[in-house]
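Data block below; observations after.
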Amino acid sequence: METKLQNNYADSEIEYILERSYEFCGQHLWISQSSNAQIGTSGFIWEAGLALCEYIEKQRIIFNGMKVIELGAGTGILGILAVLLGGNVTITDQPNVLKQIEHNVVASISPSCRDRVNIRALSWGHDHIQFPRDYDFIFGGEIVYFPKTYPLLIKTLQHLSSERTIIYLSSKMWQDFQINKFYEDILPEHFNCQIVDRNEENDINVYKVTKKVHALGISC
């Protein structure tokens, strides 16, 4: 499912409870959070997503001409930042979240740059095969929190990535959701994983992840 961007966005079914302005890498982003109960946790701006934006800023990462995908985008803040930094970006989440993402894309990205953003539904482990396998970057901000989805996320990351893909995941290290188990046991079975940034105050880790390659040079 793909959403085509409209220059004049309006949807009376969605209420926005809070609009915030952010600045990263010299770029201004206008991000709204929805009060629509059907969107649930996807309607919020999570600290771990902001931590990954801050990491991109600190590392001065530029995405000119790069192929980027954001998983579980929610408000779309990471994907929007990647577009503003020159990337060709696909922003994904469940179908009921896409209008919120579109709203924020229209608010933050000028019409002349919207041809570099694509908003699509992606259900991990199910329709991931409809997406390419050659992304340069994959982002996920606060998407590791529901253990039943961990195998589906791994399956999706395996499909979307090659040995040259750089994956950035950021998580608040909640004790209740086996997040440590995901990063220390589950993910390392298939990917190289290292902490590249940590916010001690908020207990947030940013991970850099790359696909493991078999000794014979065949991607796992």
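The values are calculated or read from the model by the stated rules, or taken from the named source; none is laboratory data. This structure is a prediction, so every number in the text was calculated from the model and none was measured. Every residue, glycine as well, gets a Cβ built from its backbone with ideal geometry; the counts of neighbours run over all protein chains shown.
Odds and ends about this structure:
- For the residues Arg116, Arg133, Arg120, the requirement of being over 20 Å from Ile62 (Cβ atoms), among the basic types (Lys, Arg) and in contact with a helix residue (DSSP H, G or I) (Cβ under 7 Å, 6 or more places away or on another chain) singles out Arg133.
- When Ile129, Ile204, Ile167 are checked against the criterion of being free of Cβ contacts under 8 Å to residues at least 60 places away in the same chain and closer than 21 Å to Cys53 by Cα, Ile167 stands alone in meeting it.
- Flag for Gly86 being in a loop (DSSP other than H, G, I, E, B), of a type outside the set (Val, Ile, Thr), surrounded by fewer than 18 Cβ atoms within 10 Å (Cβ to Cβ) and modelled with pLDDT of 95 or more: yes
- Of the strands (runs of 3 or more DSSP E) entirely within the range 91-185, those holding at least 1 residues that are buried (at least 16 other Cβ atoms within 10 Å of the Cβ) and among the aromatic types (Phe, Trp, Tyr) occupy 137-141, 166-172.
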